[in-house]
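Peer 1: I'd like to ask some things about the structure below.
The values are calculated or read from the model by the stated rules, or taken from the named source; none is laboratory data. Please read these numbers as outputs of a predicted model, since none were measured by experiment. Cβ: placed from backbone, ideal geometry, glycine included. Neighbour counts: every protein chain shown. The area values use the complete protein model at the heavy-atom level, side chains included, leaving out ligands, DNA and RNA. Shrake-Rupley method; radii C 1.70, N 1.55, O 1.52, S 1.80 Å.
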Amino acid sequence: MRLREQAPGGDSTLQWHSPANEPFRLSGFPWFAQDGKYRRLPVEPAVPIRVELDRLSNCTAGGQIRFRTDSAKLAVKVRLRAAASMNHMPATGQCGFDCYIDIDGRPRYHNTTKYNHRLTEYECLLVDANRREMRAITLYFPLYQG
C-alpha cells in the first residue's frame, strides 16, 4: 500500500509515500520490518503452524497506519491479495480501508475507500479538505484481503 498526499507549499500535485517509512507508524504487523509483508505472523515461523493459521495470518484485521499531516488531500493506492468474494460481508469491510481523523484528541470516522469491488488494485481519495491544517490520521487496514 502507498499513501499519496498534497505536496508542501499548497502545490496541487500529490506525492506518494510508503507507510513503511517515517513519519508513518505502522501497527499490527510485528514482523513487517523482517519480512516486508502486511502479515500478522512471520513468513517463516520458528515453529510449524497449521495451514489454516498461516492463511489467516494474511488477514490484515487490526493493522493500522498513524501519522500527522497538514495536507488538504490524502489518497491511498492499494493492491489486494484477491478481489472481494465473501457473500456475508460488504466488500468495503473485506477489502477497504477506514480513515479516522482526530478531532479534539479523539478519533472520528471520516471515510472508507470506495472502488470497483471486482478489482484487486485501486486508488481512492480519502481526504479532500478545503484547507491545509495539521491533522492526526489513522488508517485501518481491511479485515481480510490485505
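Peer 1: In nm, give the distance between the simple-model label positions of SER18 and ARG108, each being 7 Å from the Cα along the Cα-to-Cβ direction.
Peer 2: 3.5
Peer 1: Whole-Hz ³J(HN,Hα) for each residue in the stretch 135-146, computed from phi via Karplus 6.51 cos²θ - 1.76 cosθ + 1.60 with θ = phi - 60°, x for glycine and proline: what do you get?
Peer 2: Residue by residue, the stretch 135-146 yields 9, 9, 10, 10, 10, 9, 5, x, 6, 10, 7, x Hz.
Peer 1: In a GNM of the chain with a 10 Å cut-off on Cα contacts, which of THR13, THR92, THR120 has the highest mean-square fluctuation?
Peer 2: Maximum among the listed residues: THR13.
Peer 1: Between the stretch 26-65 and the stretch 83-146, how many Å separate their Cα centres?
Peer 2: 21
Peer 1: Remind me, relative contact order of the chain in percent, using alpha carbon pairs under 8 angstrom and six or more residues apart? Walk me through the numbers before you get to the answer.
Peer 2: On the way: 303 pairs, mean separation 41.6, N = 146.
Computed over the chain, the figure is 28 percent.
Peer 1: Please grab the % of Cα pairs in the chain that end up more than 20 Å from each other. It would help to have the intermediate numbers written out before the result.
Peer 2: Working: 5232 of 10585 pairs.
The answer is 49 percent, as a whole percent.
Peer 1: A further question follows. Roughly speaking, to the nearest percent, how much of the stretch 2-133's 1.4 Å accessible area is carbon and sulfur?
Peer 2: Roughly 48 percent, rounded to a whole number.
Peer 1: Hey, what's the stretch 59-114 come to in accessible area per residue, 1.4 Å probe, Å²?
Peer 2: Details: 2910 Å² over 56 residues.
So the stretch 59-114 comes to 52 Å² accessible per residue, rounded to a whole number.
Peer 1: Mind telling me which of ARG132, ARG106, ARG81 comes out most flexible in a GNM of the chain, alpha-carbon contacts under 10 Å?
Peer 2: Result for the chain, Cα springs under 10 Å: ARG106 fluctuates most.
Peer 1: Working out 0.36 nm times the residue gap between SER27 and ALA136, then minus their Cα-Cα distance, what length gain in nm do you get to one decimal?
Peer 2: Working: separation 109, 0.36 × 109 = 39.24 nm, distance 1.52 nm.
That pair, SER27 and ALA136, stretches by 37.7 nm at full extension.
Peer 1: I've got another one for you. Cross-link partners among lysines for LYS114, C-alpha distance below 21 Å, same-chain residues fewer than 8 apart left out?
Peer 2: The qualifying lysines are LYS73, LYS77.
Peer 1: Right, next: Arranged from highest to lowest average of other beta-carbon atoms within 10 Å per residue, in what order do the peptides 46-55, 59-68 appear?
Peer 2: On the way: 46-55: 8.8, 59-68: 18.1.
Those peptides, ordered most packed to least, come out 59-68, 46-55.
Peer 1: Explain nothing, just compute: Karplus ³J(HN,Hα) = 6.51 cos²θ - 1.76 cosθ + 1.60, θ = phi - 60°, for every residue of the stretch 50-62 in order, whole Hz, x for Gly and Pro.
Peer 2: Karplus-based 3J(HN,Hα) across the stretch 50-62 equals 5, 4, 4, 5, 4, 5, 5, 5, 7, 6, 9, 3, x Hz.
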